[in-house]
Amino acid sequence: MRNWYFSLVLQNALTEEQDDRLVELAGFHDGRIHLEEGPGDSRFTCSFEAETLTGAIADALARFQDLPGVLVRSVELDEIALEENGMATPSVVRLPPLEEDPAA
């Protein structure tokens, strides 16, 4: 098992009712999922222990069953998450140069 780091980006910002409901849900207060809100944007930063990244994402998504009307638009791994997850590459492999067309 290992810790996986990622963000769940919501389709819409949380409504006042959803925000109130969130306060009541213990699954969102165990230190593994944190709400970040910006202008018109809500996302949850996550740190879940699982065998695989997909298992960690499934565990996080299961918590939203108790938060009606909230849709997760995407799962994002930023540069820090890629590094923390051991998925960052040390360099970028450049494409080979294009061969010139002798007929041109």
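A short reminder: the numbers here are calculations on the coordinates, not readings from a lab. Computed from a predicted structure; not experimentally measured. Cβ atoms come from the backbone with ideal geometry, glycine included; neighbour counts cover every protein chain shown.
Here is how the numbers come out for the structure above:
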read-out: Neighbourhood charge, 13 Å Cβ-Cβ cut-off, centred on Ser74 and excluding it, Lys, Arg +1 and Asp, Glu -1; value: -1
read-out: Within-12-Å neighbourhood charge of Leu53 [Cβ basis; K, R +1; D, E -1]; value: -3
read-out: Estimated inter-spin distance, Gln65 and Ala26, nm [label 7 Å along Cα→Cβ]; value: 1.6
read-out: Trypsin sites (Lys or Arg not before Pro) restricted to DSSP loop in region 16-94 with at most 16 other C-beta within 10 Å; value: Arg94
read-out: Relative contact order of region 12-83, defined on C-alpha pairs under 8 angstrom at six or more residues apart (%); value: 31
read-out: Tail fraction, Cα-Cα pairs, region 2-85, threshold 15 Å, whole percent; value: 56
